[in-house]
Amino acid sequence: MIQRKQSLWLLLAAAFDATTFRFPIYSGDWMKDTTPAAIDLNANTTIWFTILTVLVGGLAFVNIFLFKNRKMQLRLCFLGIFITLALLALYFLEIKNFYSGNIALWAIFYVGALIFFFLAIRGIRHDQKLIKSLDRLR
């Protein structure tokens with residue numbers, strides 16, 4: 001399980017997803033009732049961000065232990081990518097509600113989780129090719 005590269009990538013995706021609860025993707029002033037308020041946009045901002053972030057992190061972590069079922073692992077990685085892209089789209093839609101601000105350096109964690117899912121898919125496909133080539137030799 002740990003010897004496989006995709007297990008490391010999925011663990012890093014889960015870890016990066018967990019850090020999004022602490023670090024913001026965007027910091028700025030949000031106009032609410034004509035008074036600006038300084039707000040950091042992170043996974044704790046709304047209930048939907050929290051639910052989707054927990055779902056992506058849990059999906060990445062559980063996916064580590066599905067190493068015997070590569071097809072299911074591949075499907076769950078694609079689902080993780082889809083949910084992560086949806087989550088990033090929701091963040092950027094929420095950024096439009098801000099009066100002023102800037103993207104935080106910690107936004108790398110949000111994109112990093114997406115990249116690690118892609119790397120895990122690459123590792124799973126490599127394993128599938130290796131198993132097919134070994135089956136041909138038998």
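Scan Gly101, Gly123 and give me the residue that is in contact with a Phe, Trp or Tyr (Cβ under 8 Å, 6 or more places away or on another chain) and at pLDDT 90 or above. Before you say what the answer is, go through the steps one by one.
Numbers: Gly101 fails: at pLDDT 90 or above.
Going through Gly101, Gly123 in turn, the sole match is Gly123.
Pairs are defined by a Cβ separation below 6 Å, a sequence spacing of at least 6 or placement on different chains, a first member in the range 96-125 that is within 29 Å of Met72 (Cα to Cα), and a second member that is basic (Lys, Arg) and surrounded by 14 or more Cβ atoms within 10 Å (Cβ to Cβ); the pairs so defined are Gly123/Lys5; Ile124/Arg70. For the range 16-50, a residue qualifies if it is modelled with pLDDT of 85 or more and of a type in the set (Phe, Trp, Tyr), and the qualifying residues are Phe16, Phe21, Phe23, Tyr26, Trp48, Phe49.
Just to be sure before I move on: is Ile108 at pLDDT below 95, closer than 17 Å to Thr19 by Cα and in a helix (DSSP H, G or I) in the structure I sent? If you could, list the steps in order and put the result at the bottom.
Numbers: at pLDDT below 95: yes; closer than 17 Å to Thr19 by Cα: yes; in a helix (DSSP H, G or I): yes.
Judged against the criteria, Ile108 is a match.
Considering Lys96, Lys129, the condition of being over 27 Å from Ile51 (Cα atoms) and of a type in the set (Lys, Arg) is satisfied by Lys129 alone. Count of the range 68-100 residues, restricted to those that are farther than 12 Å from Ala13 by Cβ, touching a helix residue (DSSP H, G or I) at 6+ places or on another chain (Cβ under 8 Å) and of a type in the set (Gly, Ala, Ser), is 1.
The values are calculated or read from the model by the stated rules, or taken from the named source; none is laboratory data. Everything numeric here is computed off the predicted structure, so don't read it as measured data. Here the Cβ is made from the backbone with ideal geometry for all residues, glycine too, and neighbour counts use every protein chain on show.
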